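J.: Structure below; questions to follow.
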Amino acid sequence: LVEEVPEASARTRLDPGTFRLDRSGPAALNPFDAHALEEALRLKERNGDGEVVAIMMAPARGAESLRKALAIGADRAVHVADDALAGSDLVATARALAKAVEREEPDLVLLGQQGGDSDGAVLWSALADLLRLPVVSQASSLELANGKATVKRQTEYGYDVIEAPLPAVVAVSDAINEPRYPSLKGIMGAKTKPQETLSLADVGVEAGAAGDAGAKTTV
């Protein structure tokens, strides 16, 4: 899962009319999710097979950040884009993304530890709860073997080593790897990779369960 966030250099502000983050400025791929994408690519390279799918929930402009994920190495992209999603909080966002993930029936769901815009660090747990899958956060290393994920988890007091059966949700820390940059070949190749756009109806979420109507948070 990848997110589009305001560029680190952009001045962020709340829209005084909607109390939502003003996203009209320059945007970029969430740097925390870049570590998740990198780890997915490394797992594929180590195992010699598999498919890396980048999934994003964002307005139409998010397609540019998804193309960057494809340029870095993802095999295809899924873009959940619907005007009815505007105003979605954590709960509504997790609901839409969980449905998009279910369509893929993945062996492993990877995402960054937090969003560069909200620093919430809770989407992974909400997503795992909706999918009814085991979840491990703060992963600083990850290995897959014999139908299990073995995760070295960073804590305040050292490290835990946790085994979880697959499929599972894993939120990676920024200590797990150093993300690669898109190459010229990757940028050119991204133009021909499959990129699917889905509405709320496509993923099976009612309009009332998303956006302001589906939000459980009041600002």
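The values are calculated or read from the model by the stated rules, or taken from the named source; none is laboratory data. All figures in this text were calculated on a predicted structure; none of them were measured in a lab. Note: ideal-geometry Cβ built from the backbone for every residue, glycine included; neighbour counts use all protein chains shown. All accessible areas refer to the heavy atoms of the entire protein, side chains included, with ligands and DNA or RNA removed. Shrake-Rupley method; radii C 1.70, N 1.55, O 1.52, S 1.80 Å.
J.: When residues of region 79-105 are filtered for being under 16 Å from ASN30 (Cβ atoms) and of a type outside the set (Ser, Thr, Tyr), how many remain?
T.: So the answer is 5.
J.: So if I check each of GLU39, GLU51, which one is acidic (Asp, Glu), modelled with pLDDT of 95 or more and part of a loop (DSSP other than H, G, I, E, B)?
T.: Every option except GLU51 fails the conditions.
J.: Looking at ALA84, ALA40, ALA34, can you tell me which residue is closer than 23 Å to LEU142 by Cβ, touching a residue at least 40 places away in the same chain (Cβ under 8 Å) and either touching a Gly at 6+ places or on another chain (Cβ under 8 Å) or of a type in the set (D, E, K, R) (or both)?
T.: Unique residue meeting the criteria: ALA34.
J.: Quick one: THR192 ticks every box in (1) touching a residue at least 12 places away in the same chain (Cβ under 8 Å); (2) assigned to a loop (DSSP other than H, G, I, E, B) except a single one, so which number is it?
T.: (1)
J.: When you go through ALA27, ALA74 one by one, which is the residue that is within 26 Å of VAL151 (Cβ to Cβ) and of a type outside the set (Ser, Thr, Tyr)?
T.: Just one listed residue meets the conditions, ALA74.
J.: A follow-up question, please. Does any residue in region 146-165 that is in contact (Cβ under 8 Å) with a residue 12 or more places away in the chain and closer than 14 Å to VAL135 by Cβ come within less than 9 Å, Cβ to Cβ, of a residue that is loosely packed, with under 13 Cβ neighbours inside 10 Å and among the small types (Gly, Ala, Ser) six or more places away or on a different chain, and which pairs are these?
T.: These pairs meet every condition: PRO165/GLY147.
J.: Still on this structure, please answer the following. Checking the condition touching a helix residue (DSSP H, G or I) at 6+ places or on another chain (Cβ under 9 Å), open to solvent by 80 Å² or more (accessible area, probe 1.4 Å) and closer than 30 Å to LEU14 by Cα, which residue from GLU178, GLU206 passes?
T.: GLU206
J.: Another one. Can you pull out every residue in region 5-58 that is over 23 Å from LEU90 (Cα atoms) and in contact with a helix residue (DSSP H, G or I) (Cβ under 9 Å, 6 or more places away or on another chain)?
T.: Within region 5-58, GLU38, LEU41, GLY50, GLU51, VAL52 meet the criteria.
J.: Is it fair to say GLY25 is of a type outside the set (Val, Ile, Thr), closer than 19 Å to ASP119 by Cβ and either modelled with pLDDT of 90 or more or surrounded by fewer than 21 Cβ atoms within 10 Å (Cβ to Cβ) (or both)?
T.: Taking the combined requirement at face value, the residue satisfies it.
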